[in-house]
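Each remark here refers to the structure printed beneath this line.
Just so it is clear, none of the values below were taken in a lab; they were calculated from the coordinates. Keep in mind that this is a model prediction, so the values were computed, not measured. Neighbour counts run over all protein chains shown; Cβ positions are idealised from the backbone, glycine included.
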């Protein structure tokens, strides 16, 4: 049985979520591995959400926002942009492989691009295998 | 929360969803979730019978929360919220799971799609359990408007607002109305008189009972928020002493226009050194006086017009100033008319004839035997004084692209099409009304495509060239659009504040002020006495930036709380 | 041993002893404790053996105060034992509350720790191959050492905790307040705090008590270590580019560090209700970076070495990921 990654996607309402909807209305098919959670703006995304998703068993986390300069709320995506490198460095120190967490800018008109991103990320995470987090934490407890 | 009863409704959407997703299997999987009192499917949930079914179940089962797994919430969230409301349930007790646009329409494997749909629906069930009742609120909307700038944009906006019966305060820095259009003679492409157009506007404005024209006035301070601004305007008293007055307005339109590029910054055009190199505005002055002459008083035999002075130039401004090409063609006509027999050469990079009637105007300009010379960006023409033996005052060397030759054009009068740039006081104005400027100093609109007259500060609008270089038709269109936006609000008398906004818990706020500068709507104020930050809910647009950034977790995003989102994360991964 | 005296035990897991010192630092208050209670176990200050505690009946101890984290099986055994024998179990200090400094070890695999401590460290005799083992036999005796766990745990991952007293260490003044509150609750003089509460600390972040001015404008183009600039003693440290965890840290310590010119390191843990202190610190830092260009932001972050150790300095065991998952 091939491993099917479970990827949590945080999409901003105005651009990326709408872009994902556009992929739907255009009937563009893509891998079923991303489960989308809607936020109003990528600025709402607390790094805790990403950590919690990984803790709860996500194999990957995809964050999408509007292209820089196009944020519906003016500069929300820049706030995400500033958090992201620190989040990546934190995740690296926690041994989470780089390709499990990804930030992409997707506009409301980029249905195809969203589909391509989902397909690409699904394959990359599939190659990495299941996220080590849940299993590792359980294994630690088993030895006690 | 122990008594919570959640109803789950999975839509088939005809075959749109049901063809790929096994809706009964989704029902089976969510039925086992805590608090689910009823779970059922239906052909078209958004239809009248579908909505009736939801309402009937709310009554019969005493439902507290409703989940609808169907199309995108961007499609039907308002529909189902109304359904809840009709059944006496707070509309925010609804959560939708997107199993159409983001599931059945994009996946071909029915097993995987059904599994995903079940996960998304479970996430919605877990999230909705944490939803709270939210109420929309209303604040008063003052029908008065402050228009900053008495040019063509400002006057056009003022007239529409005043004609609708609202009071307008039109503040103009200088001592006359008309702005930059007052400096023009005729307008492209139909060569109408600018003066006639302006006279009509100015007369109506000055005579309008609903417009207070405040000349030699400057806006000093703006306090308050949309619908409730207090603006302080400094004018000159009769003895010349400054006097401040406070005006209550509900909206502000910024129409401060532009200033022209200083041509002396481009040395190879010799402006300021060669006496017969003039700017477009200086030519307008001559045209209004009815005589086009050289500095020496002679009629020019050769007139050259150079485009893109200060525009489309990485050294000064990379942008195009939009109006200059057609204005240059206007000059070709006007010069030929004022000095019949003059040779007019038009030296340009590209001919931007984008608007209505403009391509025809371009054609007519070549029909009157204007000589068009094209140069490449960054390969600028060079002007030098001619020798005594030449029969002209200056020579312009142009590396002409279409012919591939270097041409030396004679010129007795050179007109530089100076570009538009942001006024020096634009920074001050921006701070005054809390809007932002882009890298070129132009005021930034709410959305470049969908919302060109509003700004991120609710209640403040921008119109005309202050937003970006534009011509008179577009300036007027924007101004009247801004007026229409305001009228739409004043017609209601009150402004509805969305129920979804952020709130600071003062018991948790430590006064660190990390959030203060984050808000693009300047909705966060700091109470210096209490040492606590506070969100002005009327201004908050619920983006959540401050919520995620607050290091104490003291700010909550209504309807997008941490708890709700955590539940959703747990749900999609269950 | 009077019947009406409270019976208490104070013990340490993976700890430095600082928490015990903080209780001793309550000065004369220690005599009050002695008047009100029998200390049945407190290695730093009194005599007492494991068997003394094992001999008690469940609930014989009114309060067990345990500092330190759970690094090995002895720490866990004692946590369980003290929990079993006590009415109220207090996790005392940052290690007990969040894992503390010892839990930074969770960012390194166990094998690497053993290797570094016993095999590859420069201060070892070259050629050493001896590493500790949990069990060994010698001269007919079976000897046991506590097992070194794969990761460090905070106490409530191992036992049911009633109260937390944060701090590295808790400030003596707060220790006194916390202990007094517990004693009063146990002797019926006052209502007990809600189970699971953090006691001996306040309900807001440090900034509330910090005397430095906080401006609306918070923009930094780079970060500085405390010795790199001459700081303004009256202005918020973050505004001056120094990484202060204060805005994401619960107050109660008296703001001693920022008052002394040193940025807060977050030892009192997150503000009430916050799930991960590190994530909130990350957000705070991101909020003040003055740039909108991805490359520029990376440049600015180069002045912030080892961000993870700053973000989760005391709280790795409390963070959602809890340890490095490097394979």
Study note, to complete from the structure: Of (1) at the interface with another protein chain (Cβ under 10 Å from one of its Cβ atoms); (2) surrounded by fewer than 21 Cβ atoms within 10 Å (Cβ to Cβ), residue B:60 satisfies every one except (1)
Practice item. Can you give me the number of residues within region A:42-69 that are surrounded by fewer than 24 Cβ atoms within 10 Å (Cβ to Cβ), more than 29 Å from residue C:317 (Cβ to Cβ) and in contact with a helix residue (DSSP H, G or I) (Cβ under 8 Å, 6 or more places away or on another chain)? Key: 2
Practice item. Tell me, yes or no, whether region B:344-352 has at least one residue that is in contact (Cβ under 8 Å) with a residue 60 or more places away in the chain, buried (at least 17 other Cβ atoms within 10 Å of the Cβ) and either out of contact with any strand residue (DSSP E or B) (no Cβ under 7 Å at 6 or more places or on another chain) or not in a helix (DSSP H, G or I) (or both). Key: yes
Exercise for review: For residue C:273, state whether it is more than 8 Å from every other protein chain (Cβ to nearest Cβ) and assigned to a loop (DSSP other than H, G, I, E, B).
Suggested key: no
Exercise for review: Mind checking which strands (runs of 3 or more DSSP E) fall wholly inside region B:91-187 and carry at least 1 residues that are surrounded by 22 or more Cβ atoms within 10 Å (Cβ to Cβ) and within 14 Å of chain A (Cβ to nearest Cβ)?
Suggested key: B:94-98
Check your understanding: Taking region B:543-566, which residues are in a helix (DSSP H, G or I), facing chain A (nearest Cβ under 10 Å) and out of contact with any helix residue (DSSP H, G or I) (no Cβ under 7 Å at 6 or more places or on another chain)?
Key -> B:546, B:562
Exercise for review: Quickly run through region C:282-304 and pick out the residues that are more than 7 Å from chain A (Cβ to nearest Cβ), crowded, with 18+ Cβ neighbours inside 10 Å and touching a strand residue (DSSP E or B) at 6+ places or on another chain (Cβ under 7 Å).
Suggested key: C:288, C:300
**Study point:** When residues of region C:194-211 are limited to those that are away from chain B (no Cβ under 14 Å) and surrounded by 16 or more Cβ atoms within 10 Å (Cβ to Cβ), the one farthest from residue C:88 (Cα to Cα)
**Key:** C:200
Check your understanding: Quick one: which of B:166, B:90 is more than 33 Å from the chain's Cα centre (by Cα) and closer than 30 Å to residue B:488 by Cα?
Key -> B:90
**Study point:** Residue list for region B:65-81, filter: over 31 Å from the mean Cα position of the chain (by Cα) and either within 8 Å of another protein chain (Cβ to nearest Cβ) or part of a helix (DSSP H, G or I) (or both)
**Key:** B:80
Review point. More than 18 Å from residue C:87 (Cα to Cα) and touching a residue at least 24 places away in the same chain (Cβ under 8 Å): does that describe residue C:59?
Key: no
Review point. Closer than 30 Å to residue B:538 by Cα, surrounded by fewer than 21 Cβ atoms within 10 Å (Cβ to Cβ) and over 24 Å from the mean Cα position of the chain (by Cα), is that true of residue B:264?
Key: no
Check your understanding: residue C:16 is checked against (1) without any contact (Cβ under 8 Å) to a residue 60 or more places away in the chain; (2) within 17 Å of residue C:168 (Cβ to Cβ) and fails just one. What number does that condition carry?
Key -> (1)
Check your understanding: Which members of region C:229-254 meet the condition of being more than 23 Å from the chain's Cα centre (by Cα) and crowded, with 24+ Cβ neighbours inside 10 Å?
Key -> C:237, C:238
Practice item. Scan (1) surrounded by 24 or more Cβ atoms within 10 Å (Cβ to Cβ); (2) assigned to a helix (DSSP H, G or I) for the single condition residue A:99 breaks and write down its number. Key: (1)
Point to revise | Any hit, region B:357-364, residues being closer than 22 Å to residue B:481 by Cβ and touching a residue at least 40 places away in the same chain (Cβ under 8 Å) | key: yes
Review point. What number of residues within region B:399-414 satisfy the criterion of being within 23 Å of residue B:341 (Cα to Cα) and part of a strand (DSSP E or B)?
Key: 7
**Study point:** Residue count, region B:390-408 (criterion: over 43 Å from the mean Cα position of the chain (by Cα), closer than 17 Å to residue B:271 by Cα and in contact (Cβ under 8 Å) with a residue 60 or more places away in the chain)
**Key:** 2
